[in-house]
Amino acid sequence: MALHKGPEKHDERKISVNPFYGEANPVGGMTEAPPTHRLPDTPLAPNTAYQLVHDELMLDGNSRLNLATFVTTWMEPQAGVLMAECRDKNMIDKDEYPRTAELERRCVAMLADLWNAPDPSAAVGCSTTGSSEACMLAGMALKRRWTTRNADRYPGARPNLVMGVNVQVCWEKFCNFWEVEARQVPMEGDRFRLDPQAAAELCDENTIGVVGVLGSTFDGSYEPIADLCAALDALQERTGFDIPVHVDGASGAMIAPFLDEDLVWDFRLARVASINTSGHKYGLVYPGVGWALWRDKEALPEELVFRVNYLGGDMPTFALNFSRPGAQVVAQYYTFLRLGRDGYRAVQQTSRDVATGLAERIAALDDFRLLTRGDELPVFAFTTADHVTSYDVFDVSRRLREGGWLVPAYSFPENRQDLSVLRVVCRNGFSHDLADLFLADLTRLVPELRRQPHPLTHDKEAATGFHH
């Protein structure tokens with residue numbers, strides 16, 4: 001979460017109150033206007049407080065037009081009703097809310113089956129607040145397994161985790177918070193994701209695991225998890241290093257099982273120890289819910305598990321957070337129940353069709369070059385063509401925002417910092433019709449952008465809020 005500080009100097013500005021907000025006493029509503037940066041001295045009527053907050057939030061972007069976020073921005077009204085009914089239930093109170101705990105257990109079982117666990121009944125897992133927490137938990141399990149096996153050398157030896165430079169920032173946070181060396185495989189040329197052989201070459205006796213990403217946030221492409229496992233198998237034959245793989249399937253773990261059934265990336269690979277996903281991304285649930293699953297009990301060290309009283313017995317828990325609402329878990333179960341495999345396949349295929357169709361039409365504009373086409377994650381990245389010199393991707397992002405479209409522009413990391421791109425995330429709710437409207441706005445802007453004397457965005461770091 002962002003860190004905030006108070007105003008540089010005491011702010012005495014007050015919020016302007018419309019007289020109509022004071023239903024019984026319009027003048028009183030004006031004279032009792034509250035301050036912005038300190039608690040008001042007296043209460044407000046609920047309608048007044050609601051309207052003040054509502055009016056300020058109108059300046060936020062429209063989430064449905066946000067093509068930067070992977071997070072679900074539309075659910076059925078029935079799901080919203082269920083969430084409202086469960087937002088006061090604390091997920092950690094298993095004894096008080098046993099049915100909510102049961103729905104969480106069922107979701108874990110469904111995911112274990114979906115991800116081809118050898119014995120779904122032996123797989124262990126939990127809900128989280130999102131993939132970031134799930135990744136932290138998976139990383140903790142990898143480190144604890146390594147420290148247990150290397151008790152004679154740790155803490156003298158420093159553990160490391162191997163990953164591509166394209167990983168989500170939560171993995172860098174994990175390495176920082178838990179004192180693990182981050183070994184990152186750089187991008188090279190037109191390879192924007194992990195290279196399996198390069199990853200294996202970075203491994204040694206202190207490597208706790210390798211992270212493979214099923215759906216890079218940079219360009220929407222899958223990393224080759226099976227090839228990564230094969231490279232680590234060969235490494236073990238040469239050196240004896242038995243290094244597990246964690247699959248960060250924040251998005252792809254809810255796409256590939258339905259659209260790419262022949263792709264082997266999950267627990268069918270013996271080296272895959274754990275998988276995470278975001279229920280609030282292509283799991284089709286409002287934020288925030290994630291899921292972390294381990295192949296079996298051996299993959300999750302028992303000493304990391306806490307036990308809470310549950311119906312007179314023990315309920316094992318593994319989490320960084322404690323109190324949180326049960327609403328999102330209930331919504332996840334509702335969506336699993338509502339859609340089933342066929343429903344998920346239809347929803348995800350529609351998103352992919354929107355992505356590939358829109359990507360093709362953008363490429364046809366001639367001013368742009370595609371890096372990916374949306375045929376893995378329903379996500380694609382594109383940049384300006386070589387002949388375009390009057391504007392850049394940051395100009396495009398800025399001008400699209402004028403029409404309400406939020407499209408991130410960003411530079412790639414080390415070794416490809418020369419490359420800046422735009423990225424479009426197609427989610428459920430971003431329909432063919434909305435894609436047509438987006439393309440129409442982009443097409444209208446291109447002639448205006450061509451007339452610029454040169455790119456106009458001077459501070460590219462400030463031009464976008466996208467930094468991972």
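Here are the numbers for this structure:
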read-out	value
In sequence order, calculated HN-Hα J values of the range 284-296 (Karplus, 6.51, -1.76, 1.60; Hz; x Gly/Pro)	6, 10, 4, x, x, 8, x, 9, 10, 10, 10, 3, 7
17 Å tail of the calculated P(r), the range 61-174, as % of Cα pairs	74
Cα pair distances of the range 319-468 binned at 10 Å [whole percent]	10, 34, 29, 18, 8, 1
Dipole in debye (nearest 20) - the chain, about Cα centre, beta carbon charges: Lys, Arg +1; Asp, Glu -1	440
The range 354-417: C-alpha gyration tensor shape, a/c 1.5 cut-off, then a/b vs b/c	rounded
Cα pair distances of the range 111-183 binned at 10 Å [whole percent]	17, 40, 33, 10, 0
Extreme residue, positive dipole direction of the chain, given options SER121, VAL330, ALA270 (C-beta unit charges)	VAL330
The chain - percent relative contact order, Cα under 8 Å, separation 6 or more	19
Dipole magnitude (debye, nearest 20) for the range 137-284, charges at Cβ of Lys, Arg, Asp, Glu	620
Separation of alpha-carbon centers, the range 326-387 and the range 91-156, rounded to whole Å	28
Gain in span if fully extended, VAL305 to ARG87, counting 0.36 nm per residue against the direct Cα distance	75.9 nm
Quarter of the Cα convex hull surface for the chain, i.e. its orientation-mean projected area (nm²)	27.3
Surrounding net charge for ARG369, when Lys and Arg each add one and Asp and Glu each subtract one, Cβ distance under 12 Å	-3
The chain, accessible area per residue, ligands and nucleic acids excluded (1.4 Å, Å²)	48
Global size of the range 125-273 as Cα Rg and Dmax, reported in angstrom	14.6, 46
Lys/Arg +1, Asp/Glu -1 at C-beta; the chain dipole; positive extreme among GLY288, LEU377, ALA226	GLY288
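The values are calculated or read from the model by the stated rules, or taken from the named source; none is laboratory data. Since the structure is predicted, the reported quantities are computational estimates derived from the model, not experimental observations. Glycine gets a Cβ as well: all are built from the backbone with ideal geometry, and neighbour counts include every protein chain shown. For accessibility, only protein heavy atoms count, side chains too; no ligands or nucleic acids. Shrake-Rupley method; radii C 1.70, N 1.55, O 1.52, S 1.80 Å.
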